[in-house]
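Here the structure comes first, spelled out in structure tokens, and everything after it is commentary.
The values are calculated or read from the model by the stated rules, or taken from the named source; none is laboratory data. These numbers come from a predicted model, not from an experiment. Methodologically, a virtual Cβ is constructed for each residue, glycine included, from the backbone with ideal geometry; neighbour enumeration extends over all protein chains shown. In case anyone asks, the SASA skips ligands and DNA or RNA and just uses the protein heavy atoms, side chains included. Shrake-Rupley method; radii C 1.70, N 1.55, O 1.52, S 1.80 Å.
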Amino acid sequence: MDLINVASLSNHELFTEVIAVISRCFKSRNKKNERPKNWMAIAIQIAVAAAKGQEGYSCSDKWVEQFDALSRNKNDTCNETKDVKFSQALQELNGKECYLKRLNNVLDHASLPNLTVRQATGLIRGSVLLSKEGNNSDETVKDIQVSVIKLLVKTMPQLGTTSPCDIFLAVQLPLLQSLDREAFANGGISFPSKDAENKFEYLLDLDFVDCNSDTIAQVGEKRKRKSSGDRIILHRNKYTHLLEAAHLARKGAVRAQHGAVIVSPSADGVVQVIGRGWNHDYLMDRAKTNKNKVVLHSECHAIADAIKSHGEDECFDVLFPKATIFIVELESDFAYELCHPCPKCDPLLRAVGLMKVLHTTPDGVITEMELGIPNCELLANENCSLPLKAACDEQGITCKRLDTAMKEADNRGKE
């Protein structure tokens, strides 16, 4: 339903999308990409109407239809807007009225279908955009937030019964933290016990940025274990592991924002995070390779971090065989994407003995994967060896097993 997509976008994003759709239309219609002289003025006029939630401007097909109609108008109806620039038209909009109208267009729709989790989380994003134009104390904003949470609860019934914390598997934490606290209960999220409510509040209050070094060590640092008497043990369940992986993913500067944490039980049974990583570029040494840079995937980065923090032998012989890796991919700033290990990371995980994977999906659930039989010989595969070598170089460490596998593969290539 296109009304939902339009309601989940910021005004700036919607302007950009309208202009992009109209621009692509020219390319598909003629090879010379010819367009009217005042095409941008017409596109901005359509973007303004779409942002205001006017009828007939709710989807890409309608935008193209309106553009064609205005382009054919001999009276040149765009005289009023042809000198208005993108930024000026955007600035002149009443943001609160725009977001409110587009959200109400969805909520008031007579035949609103059953939404997907992604669509419901998009509407929550729209409600947060609305609140930023006003504030959460505004009763209108509160009502909208309650309404969109009700839609999510309808899509994920467990939020109103047994598993309220599953909302953290569907909606990114910063977005949830921007909502009015009362909107959760008023929107239908219920807690089967006081412990469940406390757990929900604890997760909602997590702030990875302000955590001290004892709670979240920097990548490559030794982790200090909290004593059993400490009030807060951050890394204690699937929700905190996922939320930290999501926090790490936001550090990524490449297109796909992935984060990963590797957890493994210690000798006394306490689950500890042993490695952290996120997708990012690593600049290569041109004296050693013909590549300028390599994209280090979050799984590879986390493996190298674990080796630096705990030592190669401890990781390969003790920690990795018992470990689980949590992998997250962010969808924009509001939801999660499907992110099972890619064809390069799958064999790498098996090569180091990491066999259990938990990863996000767009449906608000964590999916578990068992990767099969560990196989250290896969380290000789360049799809495994080259990224891990780069990740180790970045950390300033060596991995004996990796170096041996690469040397043996090189010798086989010379035979």
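Data overview
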item	result
Set of aspartates and glutamates with alpha-carbon distance to LYS96 below 16 Å, sequence-local pairs under 8 removed	GLU13, GLU133, ASP138, GLU139, ASP143
Violating pairs (Cα-Cα greater than 23 angstrom) within the set LYS199/LYS322; LYS238/LYS389; LYS293/LYS389; LYS194/LYS238	LYS199/LYS322; LYS238/LYS389
Average projection area in nm² (convex hull over Cα atoms of the stretch 83-150, one quarter of hull surface)	5.6 nm²
Using alpha-carbon coordinates, inclination of helix 194-204 to the longest axis of the chain, degrees	80 degrees
Cα-based shape type of the stretch 120-174, given that a ≥ b ≥ c are square roots of the gyration tensor eigenvalues and the cut on a/c is 1.5	prolate
Between helix 11-29 and the chain: long-axis angle, C-alpha atoms, 0 to 90°, nearest 10	80 degrees
Charge dipole magnitude, Cβ of K and R +1, D and E -1 - the stretch 287-403, Cα centre, debye nearest 20	460 debye
Inter-label distance for ARG72 and ALA196, nm, one decimal - labels placed 7 Å from Cα along Cα-to-Cβ	5.8 nm
The stretch 346-415 - percent relative contact order, Cα under 8 Å, separation 6 or more	28 percent
1.4 Å probe accessible area per residue over the chain, in Å²	49 Å²
Charge dipole (debye, nearest 20) of the chain; +1 at Cβ of Lys and Arg, -1 at Cβ of Asp and Glu	1020 debye
Residues with amide H under 5 Å from that of GLY275, placed H, sequence gap 5 or more	ILE262
Residues whose placed amide H lies under 5 Å from that of GLU331, excluding near-sequence neighbours	TYR336, GLU337
Average Cα contact separation per residue, the chain, under 8 Å, 6 or more apart, as relative contact order %	11 percent
Accessible area, probe 1.4 Å, largest first, for residues ASP281, ASP68	ASP281, ASP68
Solvent exposure, largest accessible area first (probe 1.4 Å, DNA, RNA and ligands not counted), of VAL6, VAL365	VAL365, VAL6
Derived scalar couplings ³J(HN,Hα) [the stretch 240-252; Karplus, 6.51 cos²θ - 1.76 cosθ + 1.60; whole Hz; x for Gly, Pro]	5, 5, 5, 5, 5, 4, 5, 4, 5, 4, 5, 6, x
Sequence-distant aspartates and glutamates (8 or more away, or on other chains) whose Cα lies within less than 15 Å of LYS356	GLU299, ASP346, GLU368, GLU370
Accessible-area value, MET406, 1.4 Å probe, nucleic acids and ligands omitted, Å²	60 Å²
GNM flexibility winner over the chain from ASN38, ASN30, ASN105 (Cα, springs under 10 Å)	ASN30
Pairwise Cα inverse-distance average, inverted: Kirkwood Rh of the stretch 51-166 (Å)	16.6 Å
Helix 39-51 axis, angle to the chain major axis (alpha carbon atoms, nearest 10°)	80 degrees
Exposure of THR324 as accessible area (Å², to 10), given a probe of 1.4 Å and all protein chains	20 Å²
Nonlocal amide H pairs with SER190, under 5 Å, H built at 1.01 Å	GLY160, THR161
Relative contact order (%) - criterion: Cα under 8 Å, at least six apart; region: the stretch 76-209	23 percent
Cα gyration tensor shape of the stretch 297-398, rounded if a/c is under 1.5, else prolate or oblate by comparing a/b with b/c	prolate
Cα gyration tensor category, rounded, prolate or oblate, for the stretch 232-360 with a/c compared to 1.5	oblate
At q = 0.06, 0.08, 0.13 Å⁻¹, base-10 log of I(q)/I(0) for the chain (Debye sum, equal scatterers on each alpha carbon)	-0.33, -0.56, -1.10
Order of exposure, largest accessible area first, which applies to SER264, SER87 with probe 1.4 Å	SER87, SER264
